[in-house]
1. Looking only at region 270-310, which residues are without any contact (Cβ under 8 Å) to a residue 12 or more places away in the chain and over 21 Å from ASP133 (Cβ atoms)?
2. I'd like to check which strands (runs of 3 or more DSSP E) are fully inside region 270-328 and have at least 3 residues that are modelled with pLDDT of 95 or more and out of contact with any Lys or Arg (no Cβ under 7 Å at 6 or more places or on another chain).
3. In region 372-396, which residues are of a type in the set (A, V, I, L, M) and closer than 18 Å to ARG356 by Cβ?
4. List the strands (runs of 3 or more DSSP E) inside region 66-178, counting only whole elements, that have at least 1 residues being modelled with pLDDT of 95 or more and farther than 30 Å from PHE52 by Cα.
5. Every residue in region 319-360 that is in contact with a Gly (Cβ under 8 Å, 6 or more places away or on another chain) and either more than 30 Å from SER384 (Cβ to Cβ) or basic (Lys, Arg) (or both), please.
6. Within region 402-421, can you find the residues that are open to solvent by less than 50 Å² (accessible area, probe 1.4 Å) and β-branched (Val, Ile, Thr)?
7. Is it the case, given these coordinates, that ALA90 is in contact (Cβ under 8 Å) with a residue 24 or more places away in the chain, touching an Asp or Glu at 6+ places or on another chain (Cβ under 7 Å), among the small types (Gly, Ala, Ser) and open to solvent by 40 Å² or more (accessible area, probe 1.4 Å)?
8. For residues that are open to solvent by 70 Å² or more (accessible area, probe 1.4 Å) and among the aliphatic types (A, V, I, L, M), tally how many sit in region 292-315.
Amino acid sequence: MPLSREAYPKQFLALQGDGGSMLQETARRLDGLSAQIARGQPLVVCNNAHRFLAAQQLQDAGFAAAQLVLEPVGRNTAPALTLAALAAPADGVLLAMPADHVVGDVQRLHAALAAAWPLACEGAMVTFGVVPDRPETGYGYIRKGAALAGGGGYAIDSFAEKPGLERAQAYLAGGEHLWNSGMFMVRADLWLKALGLLQPAMLAACQAAVQGASRDLDFIRPAEAAFAACPADSIDYAVMEHLPGRADLGMPACVVPLDARWSDLGSWDALWEVLPHDAEGNAAAGQTLAVDTRASLLFSQSRLVATVGVQDLVVVETPDAVLVADKRCTQDVKKVVELLRTQGRGEAGSHRKVHRPWGWYDSIDAGERFQVKRIVVRPGASLSLQMHHHRAEHWVVVRGVAQVTRGDETFLLNENESTFIPVGRTHRLTNPGKLALEMIEVQSGSYLGEDDIVRFEDSYGRTTPGG
């Protein structure tokens, strides 16, 4: 909050300036890796609600053939990895990479992956332990055991939960502990075997969900009821932490050190750490102006953000919300989100700018009986054939060409032309051109909610409200 929302989580944000989103950067992170290790397109497990957003971002990043497995409900990382293992070739080696990490030195990441590869091929479950550079209390730790032959990694002695400051300082000084990165490499068949022995109910639920899966467009949809019955747990708790004491499972637990300027962007102070700093220790993005400001993060999306005489602050501006926080308290932003949910405010769920499979819209203004939206439709995309019971719509084309269906009519609108959609009239908007279509929509009527929609045809298989 305020950049990350339920409908647009941080994995889809470009938090490091002009680069791609975190999902896109994660997929690109394997560019240049040995073809023996990185084969084919990525397999992405994501929430069903984010399917079109994920698919579009992957296509834009050059991964149009990526497989997307859609979770009908969230069940943590162990079931997600199980869905991937069931969708992958049985003897395939899976590299599980969360899409909310930052890696500053990709070459060192590639070196760690190359070291992990033979270990995983031989039957180990490998995790990557980040070499700590400070006594961090926000991460779990891994204690290294004996060095493995070949010098690529270590057996895992034990895992440790997030420590207090004194213990974290001792871990740093001792040199035997690494941060738990949450990245894993393991053969698909061995993961399924270990899961069946340690978490048989989880495996059975995932298998039932995949056996009952359906496919539409480029999506694999596990059966909802079966997956909803799956126990929720993390990869660490479900399997990884059991392995050091279970030689009978035949899958040793190994850790490969990773020293690649890694960060888990779990809070705004973590983002401040990875962004470039000015001479006063400030990190900034967007329209910002810092006067007598030190060690602060300034992030602007739509307006100028100016600070004077402050230190250790996080200021984040979006078109519909502004966050101001002490940099030491950014983990508590979740309390703001909970308050928003309790109060029933829409800011907890979505931005003013809402992404759809055909493009996006931005609610520019609204009053008691009107609403104004800026709508952008991707080339070749189309909204559903639909009708509204309580509102009329006025459309003005600003850029591009619109093909309009209104009742029995179909006609084109060019730039600076407009049309009117009466209450109760079926209609559809299509972009037949090769450039983005941009238009202004003025809605008027007694009720303007997104749920006032009846769909007759939809290219994207949607039954829920929203264009």
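1. Passing the criteria: only ALA279.
2. Numbers: elements: 283-285, 288-291, 297-300, 305-308, 313-318, 321-326.
By residue number, 288-291, 305-308.
3. Here is the first cut: in region 372-396, the ones of a type in the set (A, V, I, L, M) are 372, 375-377, 381, 383, 385, 387, 392, 396.
The answer is VAL372, ILE375, VAL376, VAL377, ALA381, LEU383, LEU385, MET387.
4. On the way: elements: 67-71, 93-96, 101-103, 125-130, 141-147, 154-160.
Of the strands (runs of 3 or more DSSP E) lying wholly inside region 66-178, those with at least 1 residues that are modelled with pLDDT of 95 or more and farther than 30 Å from PHE52 by Cα span 125-130, 141-147, 154-160.
5. So the first thing to find is which residues in region 319-360 are in contact with a Gly (Cβ under 8 Å, 6 or more places away or on another chain), and the list is 331, 354, 356, 358.
The answer is GLN331, ARG356.
6. Across region 402-421, the qualifying residues are VAL404, THR405, THR419, ILE421.
7. Details: in contact (Cβ under 8 Å) with a residue 24 or more places away in the chain: yes; touching an Asp or Glu at 6+ places or on another chain (Cβ under 7 Å): yes; among the small types (Gly, Ala, Ser): yes; open to solvent by 40 Å² or more (accessible area, probe 1.4 Å): yes.
Yes.
8. Going residue by residue through region 292-315, those that are open to solvent by 70 Å² or more (accessible area, probe 1.4 Å) are 292, 294, 301, 303-304, 308, 311.
Of the ones still in play, those that are also among the aliphatic types (A, V, I, L, M) are 304, 308.
Result for region 292-315: 2.
The values are calculated or read from the model by the stated rules, or taken from the named source; none is laboratory data. Note that the structure is predicted; figures quoted are calculated from it, not measured. Every residue, glycine among them, receives a Cβ derived from its backbone with ideal geometry; neighbour counts consider all protein chains shown. Areas reflect the complete protein model, heavy atoms only, side chains present, ligands, DNA and RNA absent. Shrake-Rupley method; radii C 1.70, N 1.55, O 1.52, S 1.80 Å.
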